[in-house]
Amino acid sequence: MTHRPRLVVGVAVTLLVIVAGIVAIGAFDPWGMGSYVQRKLAALGQASSDVSASPSASAPSPAGAKDIAGDPPHAELVTPAGSASGARAVFRPPSESQIPIGEFGDVIRRGRDIFVDTGRAAPAFVGNSLRCVNCHLDAGRLAGSSPLWAAFVSYPAYRSKTKSVSTFQQRLQGCFEYSMNGKAPPAGAPELVALESYAYWLATGATVDPKLPGRGYPALPAPAQRSDYMRGEQVYASNCAFCHGADGAGQRSADGVAVFPPLWGPESFNWGAGMGRINNAAAFIKANMPLGMGGTLTDQQAWDVSLYMNSHERPQDPRYSASVQNTRAAFHDTEESMYGREVAGKVLGATGAPRPFKPSTETGR
Amino acid sequence: MRLGRSLSWVALGIVVSTNVHADGAAIAQQGAGSAVACQSCHGVAGEGIAAAGFPRLAGMGASYLQRQLEAFAEGTRSNAVMMPIAKALSAADRKAVASYYAAMPFGGDAAMPAAAALRDAKAPSGTASAAAAPAPSVGVTLATRGRWSDTLPACEQCHGPGGRGVGADFPPLVGQSAAYLAAQLTAFKSKARPAGPLNLMGIVAQKLSDADVQEVANYYAALPAGGAR
């Protein structure tokens, strides 16, 4: 976009490589959950014990959302950006007609069905109106939209979110718990086996490599101006509301199918989901929204509208403990999360303990 | 007292007269001024006349229909028959008749003999189970999966499962004739028809070849309107 002197580009590329190296060695996490401050400090060569410097969780800022996010700039890689690595061709998953015939093929297809129609295909574990495919476009195939094939070859991996090494199935369990505001299928559950089989099959021919081009959402450069709620509201009204609704609740077909996914509110992902992080959502939005028009919003618009989207109430974080401040301190101590912050006189997430899980009954709700 | 009473008659008269002109049913059935009755081309049940390329109106979203009438009236959507009709209607008339057709039952095959016949003709190849099916046709792929190598979303990602429409702004595709659908996609592509909000259809249509247009139009024209998901 902007033309910079070669020296600057060279330095930037070097820094990128260093950061990517650190990420790969230490704190790799596809959603960037919780590791943002750690990684940033590591990149700056500081000890990660200084982490607590950032916004005080016990005293959420009383200011409006306007003043909140974006200071200091969002410098992290959401994941190694596919678009930035022109040297390597982006992996292409096999075409669906190549799914094998037989029992294994049946399980792969079942995984695909769960992926694209999650509430119907795995109702016991889904508590909202979302589907995997809402955030992983083209049935988990699309580069730059957190494709399944790139995730599959990135596990097992250490995740700062869980502070442990997770397998791919354990990572999927997290999706159900947070993004689907549901219940994690037990280890080895047919739903997880099906999803894993589908991901494995999509990754046919890919190299085991957590830095595969196309993985995650291409990281967005830090915004020129601090992300802003009011600007985000305008971006939303002119680019998003037509499909997702002015109230963020999405839109259903007459027969009750959630066609445009709810972005906030009771039918959306909960506060523990990766998409609840401003940097993650900004990266997704920039690359993929409006649907079929990825890359048309400016970086600033993507940051602003991400902040706006994530400044609304949504289901409680299932890790909630004692109070919103406590929970913020434990799991949201980053400027990328609005959880526990005050917006329009209300503290986000101050909705008490999580509600008991209720299986999805998408139609008729 | 007397003055009050006559004033209230005047008020009632105003209400009645504005209602008369914004009565969607009356416009649809009898026309208004120089605008002929909608049903003379779009059918008594708003089902359209597939063979003539006259589209179904029943069950289309109210905002969508109103936007089309406004576009015809302004001349931004070009159609020799519809432009003078839409111009002859007041803004209130256009709104009323859009609401009237939006509220009409969408209907099933009974109202769509052409679609039913086309589907029956194709039934032998179309009713096989999904298992071990050969590679799906271009039409079904574009409708249900899109072509993401071109960043082209599936039709149903906005028009809903089965192309049955979503809300007031995303009209059903099922229940329209192949001729009408293909003509509209072609018009979007050539910019003869305004692309609508966010330029959504403009961007989509640019990514469709002429063969794609025909395939996807045929697919929706052959789909049952009230069928299962």
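Residues whose amide H falls under 5 Å from that of A:VAL343, counting only those 5 or more places apart or on a different chain, are A:LEU348, with hydrogens built in the peptide plane.
The Cβ shell under 15 Å around B:SER190 holds other residues with a net charge of +3, Lys and Arg each +1, Asp and Glu each -1. Shown for A:LYS346, B:LYS87, A:LYS163: other C-beta atoms within 10 Å of each C-beta, ranked fewest to most, produce the order A:LYS163, A:LYS346, B:LYS87. For segment A:96-202, the relative contact order comes to 33 percent (Cα pairs under 8 Å, sequence separation of at least 6). Listed cross-link partners A:LYS211/A:LYS358; A:LYS211/A:LYS346; A:LYS286/A:LYS358; A:LYS163/A:LYS183; B:LYS95/B:LYS207; A:LYS211/B:LYS189 are compared with a 29 Å cut-off, the Cα-Cα value being larger for A:LYS211/A:LYS358; A:LYS211/A:LYS346; A:LYS286/A:LYS358; B:LYS95/B:LYS207; A:LYS211/B:LYS189. Each residue of segment A:211-216 is assigned a 3J(HN,Hα), and the resulting list reads 10, 4, x, x, 5, x Hz, derived from the Karplus form 6.51 cos²θ - 1.76 cosθ + 1.60 (θ = phi - 60°), x at Gly and Pro. Once the Kirkwood radius over Cα pairs is known for segment A:96-202, the Stokes-Einstein relation at 25 °C and 0.890 mPa s delivers a diffusion coefficient of 178 µm²/s. The phi-based Karplus calculation (6.51 cos²θ - 1.76 cosθ + 1.60; θ = phi - 60°) puts the 3J(HN,Hα) values of segment B:99-104 at 5, 4, 6, 5, 7, 5 Hz, whole numbers, x for Gly and Pro. Ordered by the number of other Cβ atoms lying within 10 Å of each residue's own Cβ, fewest first, A:SER306, B:SER34 fall into the sequence B:SER34, A:SER306. Seen from B:GLU74, the other residues with C-beta closer than 14 Å to its C-beta sum to a net charge of +4, counting Lys and Arg as +1 and Asp and Glu as -1. Cβ crowding within 10 Å ranks A:PHE269, B:PHE170 as A:PHE269, B:PHE170, fewest other Cβ atoms first.
Measuring between their Cα centroids, segment A:270-324 and segment A:216-236 lie 10 Å from each other. For the peptide A:253-262, the mean number of other protein chain Cβ atoms found within 10 angstrom of a residue's Cβ is 5. Modelled this way, with points 7 Å down the Cα-to-C-beta line, the labels at B:ARG147 and B:ALA103 are 4.2 nm from one another.
Note on B:167-175: average number of Cβ atoms from other chains within 10 Å of each residue's Cβ is 2. Packing order of peptides B:182-188, A:311-317, A:95-101, highest average first: A:311-317, B:182-188, A:95-101 (average count of other Cβ atoms within 10 Å over each peptide's residues). Here B:VAL81 and B:LYS207 are evaluated by their C-beta separation; at R0 = 25 Å the FRET efficiency comes out at 0.25.
Using the Karplus relation 6.51 cos²θ - 1.76 cosθ + 1.60 with θ = phi - 60°, the per-residue 3J(HN,Hα) values for segment B:181-189 come to 4, 5, 4, 5, 4, 5, 5, 4, 5 Hz, with x marking Gly and Pro. Summarising the amide proton neighbourhood of B:PHE54: residues at separation of 5 or more, or on other chains, whose placed amide H is nearer than 5 Å comprise B:ILE49. Between B:SER190 and B:ALA25, the modelled labels are 4.1 nm apart [label points 7 Å from Cα along Cα→Cβ].
Computed over neighbours whose Cβ is under 11 Å from that of B:MET83, the net charge equals +1, Lys and Arg +1, Asp and Glu -1.
Around the amide H of B:LEU152, modelled in the peptide plane, lie the amide H atoms of B:ARG147, all under 5 Å away and 5 or more residues distant in sequence or on another chain.
Each label was represented as a point 7 Å from its Cα along the Cα-to-Cβ direction; for A:VAL165 and A:LYS358 these points are 4.1 nm apart.
The numbers here are math on the coordinates, done by the rules we state, and not lab data. Owing to the predicted nature of the structure, the values given are computational and were not obtained by experimental measurement. Virtual Cβ from ideal backbone geometry, glycine too; neighbours counted across all protein chains shown.
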